[in-house]
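S.K.: Quick one: the structure is below, and I'll ask about it shortly.
The values are calculated or read from the model by the stated rules, or taken from the named source; none is laboratory data. Quick caveat: nothing in here was measured; it's all calculated off a predicted structure. Here the Cβ positions follow ideal geometry from the backbone for every residue, glycine too, while neighbour counts run over all protein chains shown.
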Amino acid sequence: MDRFVVGPSGPLSGSVTINGAKNSVLKCMAASLLAPGRHRIGNVPAITDVTIMADLLAALGPVASHHGKGSDGWLEIDVPDGIQPIAPYELVERIRASIVVLGPLLARAGHAVISLPGGDDFGGRPIDMHLGAFEKMGVEFTTEHGNVAGRCDRLMGAKVVLEFPSHTATDNVLMAATLAKGTTVIENAAREPEVADLADMLTSMGARIEGAGTSHIEVEGVDSLEPADHRCIPDRVETATFLAAVGLAGGEVLLRDARAEHMDMLLQKLAAMGVHCVPNADGLLASATGHLESVDVSTLPYPGVATDYKPFVVTLLAVADGVAVVSENVFAGRFRYVDELRRMGARITTEGHHAVIRGVPRLSGAPVKATDIRAGAALVLAGMVADGTTEVSGSDHVDRGYEDLAGRLRAIGADVDRSGAAESPAGAASDG
């Protein structure tokens, strides 16, 4: 069985380059649907979610080929003049980001059929917000046999007020609005750096966008877009992963290309715990003694502490001095990995969307199972401060968001190995 095998790790040292942001890459891949021709997207890691999205694009018409690895990885996407606007269930159910092809398909073809999206199992993410926004833009939807079908003559600009600053809903409407007739205003838009990154790619394609990265976005629709070259921003969640590794094991590591300005609130919380981060020309220099203090943390939409950071925060607090309360305010069901940390000796109790964490000096190695991408990575890190050996199964979850996590941790001094299949995912979309 493919799994991570982790032993206690001393102080870390050296440097690691932060790869491109998964949540930018996948949306930029969807954006390619808006313009026929050849697109090139840079800073694309070799992760499973990229392969799945490439397979989904292939079912719609575009052909994506992945070259290189890590920060040198890139995608070439050839988009035909005609696309097939039907997203098959067997691909959509594997990845939650698949819903973002709906906007580009409606914009290009005037109709689309998509199954309800799948992905990590940590609570529902209803797509009602997406459908409601597109209805304001003139789309009529029908639902049958688990599929949602939308149709319109042409998308019309509209004022869209999101009831929650959803990242994917903002991305979906933003992409669709670029080819809509007239002006679209998105209020209560998500403010994540990845939204601004997507807007940068769309702008390079000829879109007219103002306010991306703020809660108020205006898009003036154009008749057509052109293919573009775009390099995605570094992944702030991957940055958080390596910051947590330093906090747990101690030491000093340079996180090349990391952008401190994308994670201000998390860096404040980490500093209060005892993880020191200094921005420099190369990225972010992280250092820690391995001694941590407890702090209370609540997840919130950007610029608050992201829900994707929480498994790393909980793992840090599991071996910190004192008692902390962590509150989940974005997704229900995202404490499911806590039982695995308890198997390792963590003292954590949960009630509703709160977790109370009483720090212990060390964890104890045990067989545990990843339940999603970030929880899996957090369990690997937990093994670094556990006595004995920790085996983390369900490593395919981790592969969805990380390229060679074990090798990169090992390169900075961690005792992490991979037992079983090769870590870099393979697929028809990769030839490099």
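S.K.: So Ala366 fits all but one of (1) out of contact with any Asp or Glu (no Cβ under 9 Å at 6 or more places or on another chain); (2) farther than 30 Å from Glu261 by Cβ; what number is the exception?
M.R.: (1)
S.K.: Which helices (runs of 4 or more DSSP H) sit wholly inside region 1-97 and have at least 3 residues that are touching a Pro at 6+ places or on another chain (Cβ under 9 Å) and of a type outside the set (Asp, Glu)? If you could, list the steps in order and put the result at the bottom.
M.R.: Details: elements: 22-31, 48-60, 89-92.
Here the list reads 22-31, 48-60.
S.K.: Follow-up. For the condition more than 21 Å from the chain's Cα centre (by Cα), crowded, with 24+ Cβ neighbours inside 10 Å and outside the structural domain of Ala375 (by TED's automatic domain parsing), what is the one hit in Ala158, Ala169, Ala189, Ala180? Walk me through it before giving the result.
M.R.: Numbers: Ala158 fails: crowded, with 24+ Cβ neighbours inside 10 Å; Ala169 fails: more than 21 Å from the chain's Cα centre (by Cα); Ala189 fails: more than 21 Å from the chain's Cα centre (by Cα).
Among Ala158, Ala169, Ala189, Ala180, only Ala180 is more than 21 Å from the chain's Cα centre (by Cα), crowded, with 24+ Cβ neighbours inside 10 Å and outside the structural domain of Ala375 (by TED's automatic domain parsing).
S.K.: If you check Val330, Val326, which single one turns out to be buried (at least 16 other Cβ atoms within 10 Å of the Cβ), in a strand (DSSP E or B) and assigned by TED's automatic domain parsing to the domain that holds Val305?
M.R.: Numbers: Val330 fails: in a strand (DSSP E or B).
When all the criteria are applied, what remains is Val326.
S.K.: Here's a check for you: in region 17-56, which residue that is buried (at least 24 other Cβ atoms within 10 Å of the Cβ) and among the β-branched types (Val, Ile, Thr) is nearest to Ala169 (Cα to Cα)?
M.R.: Applying the filter and picking the extreme gives Val25.
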